[in-house]
Amino acid sequence: MWANTSNVGEHAVRAYAMIGMGNVGEHAVRAYTWMGMGNVGEHAVRAYTWMGMGNVGEHAVRLHMDLLYCHLTYKPLSVLWSHMHAVIVANAPDLDPTPYLERIRDAELVIAADGGALPLLWSNIIPQIVIGDLDSLDPGAQADLVARGAKLRSFPRAKDETDLELALLYAVERGALVIDVIGAVGGRWDHTLANVAMLAMPELRGRQVRLLAEQQVLFLVRDQADLPGSHGDTLSLIPLTAEVHGITTRGLLYPLEDATLYFERARGISNVLLDPPGRVELRDGLLLVVQHDDGGAYQWRGGA
């Protein structure tokens with residue numbers, strides 16, 4: 001355990017405690033606690049507590065307290081919590097992982113949803129874990145994965161969740177705050193629609209979850225979000241609830257101001273990002289953002 005208290009000028013700073021790994025009986029326990037309160041310059045700092053997983057007796061223990069707030073001009077959140085980035089590779093037909101290899105290699109946690117392990121194997125990348133009913137992996141592939149260090153978590157084929165849903169829940173279980181999903185869009189329409197709908201899972205609230213496809217990124221907005229990208233990118237706003245109220249955008253060709261979008265109407269399709277990063281805010285409802293890294297090739301040539 002390490003802790004420290006000091007003053008920076010007139011600003012009180014309290015730091016963190018780190019608890020390592022150990023065993024309670026035969027049960028592995030991991031925990032990590034980081035606490036901080038104070039002011040650095042004019043910036044209030046409040047942080048988070050994260051505890052790992054373990055079993056005490058027969059009872060599984062899990063605790064994850066969501067982030068409160070941390071704003072430091074010299075240390076952005078992406079630096080503080082970069083170790084909580086997970087990539088999930090779904091079981092997609094003919095998936096070519098080449099465009100995503102750098103992102104996969106940089107992730108702290110790589111999860112394969114069943115047959116999503118195959119393109120990883122072909123790319124000489126071994127996921128930490130393969131999750132699902134494993135009906136898309138023959139015994140030889142399973143043996144190869146295990147021999148190269150992957151863990152297999154097998155579920156019955158007759159189950160309520162899809163393999164990708166189980167993979168998302170595992171990423172949450174491990175404490176991932178940024179989750180990129182590859183191979184979730186395309187192929188079977190029923191799976192694609194279900195994969196998009198799963199962005200609304202309550203377990204994913206407070207996490208940045210993105211579905212990545214060729215030159216496309218899909219993510220859900222519950223309250224507000226930045227819209228990164230390039231000038232001219234095509235961007236669509238699609239309600240996932242019957243109505244989404246209080247939508248205000250910034251940086252788009254067709255601005256919205258306290259507007260309402262309706263599930264059965266296509267008003268939000270094919271906007272254009274003019275001044276990146278853009279911004280979208282809403283009062284209530286769930287809004288899907290589909291952003292095309294296309295420089296406006298789909299429907300826009302030039303512009304203001």
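Tabulated results
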read-out: Residue-span extension gain [residue 236 to residue 144] - 0.36 nm each, minus C-alpha spacing; value: 28.9 nm
read-out: Å³ per residue enclosed by the Cα convex hull of region 163-223; value: 81
read-out: Per-peptide average of other Cβ atoms within 10 Å, ordering 249-259, 95-105, 123-133 highest first; value: 123-133, 249-259, 95-105
read-out: Peptide ranges 161-172, 203-214, 135-146 listed from the most packed, as the mean C-beta count within 10 angstrom indicates; value: 161-172, 203-214, 135-146
read-out: Contour minus Cα-Cα distance for residue 243 and residue 205 (0.36 nm per residue); value: 11.7 nm
read-out: For region 82-160, convex hull of alpha carbons as volume per residue, Å³; value: 97
read-out: For region 215-304, the Rg and Dmax computed from alpha carbons only, in angstrom; value: 11.9, 34
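The numbers here are math on the coordinates, done by the rules we state, and not lab data. Being a predicted model, the structure only gives us computed values, none of them experimental. Quick reminder, even Gly has a Cβ in these numbers, built from the backbone with ideal geometry, and neighbours come from all protein chains shown.
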